[in-house]
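Below is one structure, written out as structure tokens; the observations come after it.
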Amino acid sequence: MSWLGGIRIWTILLLFALVCGAEEKQRFEKKWIISATALVAANLFDGYSSRNLTEENPLLRNASGTYGVSKGTTIKFAASAAFLGAQWLLLRRGPDHHLNRAFTITNSVLAGTVTAVAIHNQSLPTVSSEPSFIQPASASTSR
């Protein structure tokens with residue numbers, strides 16, 4: 001085999017490695033997008049399941065102590081947007097598939113955790129919107 005044949009083989013191997021690397025990068029980009037979408041959907045589900053419940057976090061509750069839908073949802077989505085935006089900027093800065101993999105796993109774990117909290121919220125009793133001193137008309141006694 002001549003040196004020209006060796007260059008051809010190395011060129012073909014190099015191109016094959018570049019194509020495989022590009023496919024792996026695209027695969028992890030798709031998985032990152034799916035994990036980011038799952039995280040946003042989990043936060044939406046958590047916000048939906050938290051309405052009319054007593055909220056422990058003072059940043060997310062309204063004056064009555066329940067989850068403030070507009071305030072809480074805005075804060076949750078702003079935090080998610082900042083978190084995912086920082087990831088997106090770091091991923092666009094350089095082609096690091098290890099960073100992409102780490103962010104995909106982190107987003108997936110967070111989405112699962114937030115979904116578990118939202119499922120737990122579904123089993124909690126809601127806060128009554130009526131004050132406790134008002135009794136229904138059917139409970140009053142007639143004279």
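The values are calculated or read from the model by the stated rules, or taken from the named source; none is laboratory data. Since we're looking at a predicted model, the values are computed, not measured. No Cβ is skipped: glycine too gets one built from the backbone with ideal geometry, and neighbour counts run over all protein chains shown.
Candidates in region 60-76 are the residues that are in a helix (DSSP H, G or I) and farther than 14 Å from L110 by Cβ; of these, the one that is modelled with the lowest pLDDT is V69. When residues in region 47-89 are screened for being surrounded by 16 or more Cβ atoms within 10 Å (Cβ to Cβ), of a type in the set (G, A, S) and without any contact (Cβ under 8 Å) to a residue 60 or more places away in the chain, 4 of them pass.
Of all the listed residues (N57, N121, N107, N100), the sole one being over 30 Å from F28 (Cβ atoms), part of a helix (DSSP H, G or I) and either modelled with pLDDT under 85 or polar (S, T, N, Q) (or both) is N121. For region 77-97, the set of residues classified as of a type outside the set (A, V, I, L, M) and assigned to a helix (DSSP H, G or I) consists of F77, S80, F83, G85, Q87, W88, R92, R93, H97, listed by residue number. Screening K31 against (1) surrounded by fewer than 14 Cβ atoms within 10 Å (Cβ to Cβ); (2) charged (D, E, K, R); (3) modelled with pLDDT of 85 or more leaves a single unmet condition, (1).
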